[in-house]
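Have a look at the structure below, then the notes.
Where a number appears in this text, it was derived from the coordinates with a stated rule and is not lab data. This one's a predicted model, so the numbers in the text were calculated from it and none came from an experiment. Every residue, glycine among them, receives a Cβ derived from its backbone with ideal geometry; neighbour counts consider all protein chains shown.
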Amino acid sequence: MTPRFVRLPLAALAAAALLAAPARLAAQAGLDTVTIRTIKITDGLYMLVGSGGNLGVSVGEDGTVLVDDQFAPLTPKILAAIKAITPNPVKFLMNTHWHGDHTGGNENLGKAGVVIVAQDNVRERMSKETFVARLNRTQPASPKAALPVVTFPETMTLHLNGEDITAMHLAHAHTDGDVLIKFARANVIHGGDVFMRIGFPFIDVSSGGSLLGSIAGIERILAASDANTRFIPGHGELATRADVEAHLKLLKDVRDRTQAAIRKKQALDAFLAGKPLADYEAKFGANGFVKADDILKLAFAELGGGK
Ligand SMILES: [Zn+2]
């Protein structure tokens, strides 16, 4: 992945997804030219990459389980990519969280009879008009067919294809409805947008996300893994444990550097002017969807700065 390729479309698509009707969206966002890339992780477990959040696909004799579904106009391409892997249709769809670049295909799949499963707060947020402050966009309530029909507060497991697929709630992380999804036999974890590889992470405070919850979420993802686990990030390339640990270090550096400034009674402007994340900015470049100042302002407010 090149930074330009990943970062610019993410910002454009995230905004477009939350605003536009599907038909308009396809044209606006150039989704008609998107191809779905299939990556085999291990027997029966695949990652699909198109536009929007990364997909997980578990296949076998009992039926197909899909994790997330990108944007509505991509549903036919996603189903064609799955058909190239397995003759068995999608039985269950699990959403990692409510954002439109992960749930945009829900309505199509729900109408096709797929059982949609998600944490309680995903259904709650999709059921009503929701404002996302970071994008300054209002997402209308989703149609009934797009809503999860099976919801759970903390954890649930699907038992198919000799695989145990467990979702665990990561409270107040990227949003308030995030889960990690662990495929036990394949030893793969889909981290949703709690673990994204796009530079500084997007934490949706207006959807109940937080920095400290994101740190706890990543720690839970690591606790559910071992040295050989592979990780599907919400956005970006397939990852190893070292990549997840590096992401945890970034989040903790943001927390610790912000706390140090607050302890010194620094004002927000002086804190930002000191460029406390210059080392990461040098690494990530300046074109990211989330800037260093965005995450620092969020941390400063959350940790009680300026009081
Ligand atoms: Zn998201």
Query - Cut-off 19 Å (backbone N to label point 7 Å along Cα→Cβ of ARG185), residues of segment 81-96 - result: 85-94
Report summary line: With label points set 7 Å from each Cα along the Cα-to-Cβ direction at ARG37 and LYS265, the distance between them in nm comes to 5.2
Query - GluC sites (Glu not before Pro) restricted to segment 122-184 and DSSP loop, no more than 16 other C-beta within 10 Å - result: GLU129, GLU154
Query raised in the report: For VAL179, which sequence-distant residues (separation of 5 or more, or a different chain) have an amide H within less than 5 Å of its own amide H, given hydrogens modelled in the peptide plane?
Result: LEU170
Report summary line: If TYR280, TYR46 are placed from fewest to most neighbouring beta carbons inside 10 Å, the sequence is TYR280, TYR46
Query raised in the report: Per the helix-only calculation at 222 nm, which mean residue ellipticity applies to the chain, given -39500 (n - 2.57) for every DSSP H run of n ≥ 4 and division by its residues, nearest 500 deg cm²/dmol?
Result: -10500 deg cm²/dmol
**Report entry** Net length gained if the chain between ALA273 and VAL115 were fully extended (0.36 nm per residue, minus Cα distance)
**Finding:** 51.9 nm
Report summary line: A correct Karplus calculation of ³J(HN,Hα) over segment 60-69, with 6.51 cos²θ - 1.76 cosθ + 1.60, θ = phi - 60°, whole Hz and x for Gly and Pro, returns x, 5, 8, x, 9, 10, 10, 10, 6, 8
Requested in this report: Using only Cα atoms, tell me the angle between helix 3-19 and the longest principal axis of the chain; keep it within 0 to 90° and round to the nearest 10.
Outcome: 70
Query - Centroid-to-centroid separation of segment 257-296 and segment 53-127 [C-alpha atoms, Å] - result: 37
Requested in this report: Please report LYS182, LYS144 as a ranked list, fewest other C-beta atoms within 10 angstrom at the top and most at the bottom.
Outcome: LYS144, LYS182
Query raised in the report: Hey, what angle do you get for helix 241-263 against the long axis of the chain, alpha-carbon based, 0 to 90 degrees rounded to 10?
Result: 30
Report task. Could you tell me the largest-minus-smallest coordinate of the C-alpha atoms of segment 79-134 on each of the three principal axes, in descending order and whole angstroms? Result -> 41, 21, 17
Query raised in the report: What ³J(HN,Hα) values, in whole Hz, does the Karplus curve 6.51 cos²θ - 1.76 cosθ + 1.60 give for segment 109-125 when θ = phi - 60°, with x put for Gly and Pro?
Result: 6, x, 5, 7, x, 6, 7, 9, 10, 6, 5, 3, 5, 5, 4, 4, 5
Query - Approximate spin-label separation ALA246-VAL150, in nm, with each point projected 7 Å along Cα-to-Cβ - result: 3.6
Requested in this report: With springs only between Cα atoms under 10 Å apart, run a GNM on the chain and tell me which of ALA186, ALA242, ALA270 wobbles the most.
Outcome: ALA270
Query - the chain, Cα convex hull volume normalised per residue, Å³ - result: 121
Query raised in the report: Which whole-number percent of Cα pairs in segment 240-307 have a distance greater than 13 Å?
Result: 64
Query raised in the report: Assuming R0 = 30 Å, what is the FRET efficiency of ALA133 and GLU61, from their Cβ-Cβ distance, to the nearest 0.05?
Result: 0.10
